[in-house]
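**Student:** Questions regarding the structure given below will be posed in turn.
Each reported figure results from applying straightforward, stated rules to the coordinates on display, with no laboratory input. Bear in mind the structure is a predicted one, so any value in this text is a computation, not a measurement. As a convention, Cβ positions derive from the backbone with ideal geometry for all residues, glycine included, and neighbour counts pool all protein chains shown.
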2 protein chains.
Amino acid sequence: MGRWQPGAQERLRRAALDLFGEQGFDATSVAQITERAGVTERTFFRHFADKREVLFAGEGEFEQPFLDAVADAPAGTGHLDLVAAALDAACAAFEAWRTRDEARARQRILDAHAGLRERELLKLDHLACSLAGALRERGATALRARLAGDLAVSVFVAAFTRWTAEDAAGDGPGLRELAREALAQVRDLVVAPPSA
Amino acid sequence: MGRWQPGAQERLRRAALDLFGEQGFDATSVAQITERAGVTERTFFRHFADKREVLFAGEGEFEQPFLDAVADAPAGTGHLDLVAAALDAACAAFEAWRTRDEARARQRILDAHAGLRERELLKLDHLACSLAGALRERGATALRARLAGDLAVSVFVAAFTRWTAEDAAGDGPGLRELAREALAQVRDLVVAPPSA
DNA sequence: AACACCGATGTCAGTCACTGTCATCGGTTA
DNA sequence: TAACCGATGACAGTGACTGACATCGGTGTT
């Protein structure tokens, strides 16, 4: 064992999550978080680039299921089907990672603060860009890849929003089902005849 | 005439834009901006909520063309056609507001700084939400409206990106043409058969 | 065993974005 | 003439974030 208790980063993450939930993001200072975690402020900023980032720790790994699904799909798969495959994989990975209640608690914090929503949008944009890159590898033009990446993220967010909705009963449809529904809605939106 | 030179806000905006372009966003302090504009720091924060916001002054008005186009379309127009109409109107409004060179200069600043891209994404998300609201007024379900709003913004951004691309010659296609092209790409992406 | 090195942390001083509060003063209205 | 208002100045304060250097247990080398 080292000079200090190990797992400082995870301790900081938990302390921050709890305090943000209790008092709100603005009313919680980094000093409070580090005090609860038993480290100094400087250590906080060594683990997280800024105060918001602590809420996105470990999320970077969600890019991989997206990208792998695109890369591993059989040759000749259409671009929209690649998007569908990526969504399926990502939804499965997410549900295995965090429970719906955990996701809900975190989302409540994010939704209460514009600065945090901002950061979330940046992460999602990064995801869309990566996905676009993977689609370019599969032959999509830059324009088409970017649009498809945005579409995938938009569908994922729509599904996620419904999945974590406050009034959702405990046993509603899974994230994957919601994503498929949302993707079907996009198909419907784009190909439906002008009449309602 | 008042006690001070009028137009403090516009003076601040210009000073900020110039300094950001010359030295970069991070290397420019609010004190520098206010010094050049001939006001105190406190006045800057009375006109703009934070340092980033000065780059988005007056942009809120671009929501209106979007929303009006949706509201004013003939009854029975399909949701995707409402999106197309909104895009047409917004592109026309934008081209009338700022020149391509102005947009390019501003975009160079935004692209160079993650924090600014973040803010831009928040603005775009707000636009997508407003558009979704307008589409709900036209009978779209919450899910469909949100997806359509995202789609519109995605298409607009894709078109805008090409419009302001560095290597674009002075007389390429207009913003509206690019938006139509991008929307056609979405149609193609969604309805195309699986084969490439 | 002595030594050098490394990596995570502590310590401390400093900058800067942002805020609350009160004073100022020209213009407007009663 | 007086009361009021709106935009600004003045000023002190908080808190996020950074840079530089010290500390010390663990690890590998000789």
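**Student:** Starting from the alpha-carbon convex hull of the range B:58-190, give the projected area averaged over all orientations, in nm². Walk me through the numbers before you get to the answer.
**Tutor:** Values: hull surface 33.2 nm².
In nm², the orientation-averaged hull projection of the range B:58-190 is 8.3.
**Student:** Bin width 10 Å, alpha-carbon pairs only: give the P(r) of the range B:8-54 as whole percents, running from 0 to the bin holding the largest distance.
**Tutor:** Final binned percentages: 32, 63, 5.
**Student:** From the backbone phi of the range A:115-122, what are the Karplus-calculated ³J(HN,Hα) couplings (6.51 cos²θ - 1.76 cosθ + 1.60, θ = phi - 60°) in whole Hz, Gly and Pro given as x?
**Tutor:** Once θ is set to phi - 60°, the couplings for the range A:115-122 become x, 7, 4, 3, 4, 4, 5, 5 Hz.
**Student:** What is the sum of charges around A:PRO74, taking Lys and Arg as +1, Asp and Glu as -1, for the other residues whose C-beta is under 13 Å from the C-beta of A:PRO74?
**Tutor:** On the way: positive: A:ARG138; negative: A:ASP72, A:ASP81.
Around A:PRO74, the surrounding residues sum to -1.
**Student:** Now a separate question. Ranked by Cβ crowding within 10 angstrom, fewest neighbours first, how are A:TRP163, A:TRP4 ordered? Could the numbers behind the result be given before it?
**Tutor:** Working: A:TRP163 23, A:TRP4 10.
In order of increasing Cβ crowding within 10 Å: A:TRP4, A:TRP163.
**Student:** Gaussian network model of chain A, Cα springs within a sub-10 Å range: biggest mean-square fluctuation belongs to which of A:PHE45, A:PHE156, A:PHE94?
**Tutor:** Between A:PHE45, A:PHE156, A:PHE94, it is A:PHE45 that shows the largest mean-square fluctuation.
**Student:** Additional query: Put a label point 7 Å from Cα along the Cβ direction on A:ASP81, then list its distances to the equivalent points in the other copies in nm, shortest first.
**Tutor:** 3.2
**Student:** Another question, if that's okay. What base-10 log of the normalised intensity I(q)/I(0) is obtained for the range A:131-184 from the Debye formula, alpha carbons as equal point scatterers, at q = 0.18, 0.28 Å⁻¹?
**Tutor:** After summing over all Cα pairs, the log10 values are -0.62, -0.97.
**Student:** Under 10 Å, Cα contacts only: if you run a Gaussian network model on chain A, which one of A:ARG119, A:ARG46, A:ARG144 comes out with the highest mean-square fluctuation?
**Tutor:** Among A:ARG119, A:ARG46, A:ARG144, the largest GNM mean-square fluctuation belongs to A:ARG46.
**Student:** Return the distance in nm (one decimal) between the two label points of a simple spin-label model at A:ARG100 and B:ALA27, each offset 7 Å from Cα along Cα→Cβ.
**Tutor:** Simple spin-label model gives 5.2 nm for this pair.
**Student:** Would you list B:PHE62, B:PHE160, B:PHE20 from fewest to most Cβ contacts within 10 Å?
**Tutor:** On the way: B:PHE62 16, B:PHE160 19, B:PHE20 25.
Ordered from fewest to most neighbouring Cβ atoms within 10 Å, B:PHE62, B:PHE160, B:PHE20 come out as B:PHE62, B:PHE160, B:PHE20.
**Student:** Report Rg (one decimal) and Dmax (nearest whole number) for the protein assembly as shown, counting Cα atoms only, units Å.
**Tutor:** That works out to 22.7, 72 Å for Rg and Dmax.
**Student:** If you don't mind, another one. Suppose only helical runs count, i.e. DSSP H with n ≥ 4. What mean residue ellipticity at 222 nm does that imply for the protein assembly as shown under -39500 (n - 2.57) per run, divided by all residues and rounded to the nearest 500 deg cm²/dmol? Intermediate values should be presented prior to the final figure.
**Tutor:** Numbers: 18 runs with 270 residues, N = 392.
Taken over the protein assembly as shown, the calculation gives -22500 deg cm²/dmol.
**Student:** Counting Lys and Arg as +1 and Asp and Glu as -1, what is the net charge of the other residues whose Cβ lies under 15 Å from the Cβ of A:ALA92?
**Tutor:** Neighbourhood net charge equals -3.
**Student:** Using a cut-off of 16 Å between alpha-carbon atoms, which lysines can reach B:LYS51, once sequence neighbours fewer than 8 places away in the same chain are excluded?
**Tutor:** B:LYS123
**Student:** Got the A:GLU53 label distances to the other copies yet, label 7 Å along Cα→Cβ, in nm, shortest first?
**Tutor:** Spacings between copies for this position, smallest first, are 2.6 nm.
**Student:** Mean-square fluctuation check for chain B, GNM, Cα pairs under 10 Å: which of B:LEU116, B:LEU143, B:LEU87 is largest?
**Tutor:** B:LEU143
**Student:** Which net charge results for the neighbourhood of B:LEU189, defined as the other residues with beta-carbon distances under 12 angstrom from its beta-carbon, given Lys and Arg at +1 and Asp and Glu at -1? Before the final figure, lay out the partial values.
**Tutor:** Numbers: positive: A:ARG144, A:ARG146, A:ARG187, B:ARG187; negative: A:ASP81, A:ASP150, B:ASP188.
Combined, the nearby Lys, Arg, Asp and Glu give +1.
**Student:** What is the fewest-to-most order of A:PHE56, A:PHE44 by other Cβ atoms lying within 10 Å of their Cβ? Spell out each step's value before the answer.
**Tutor:** Numbers: A:PHE56 18, A:PHE44 23.
Ascending number of Cβ neighbours within 10 Å: A:PHE56, A:PHE44.
**Student:** Here's a follow-up. For A:SER29, place a label point 7 Å out from Cα along the Cα→Cβ vector, do the same in each other copy, and report the separations in nm, one decimal, smallest first.
**Tutor:** 2.3
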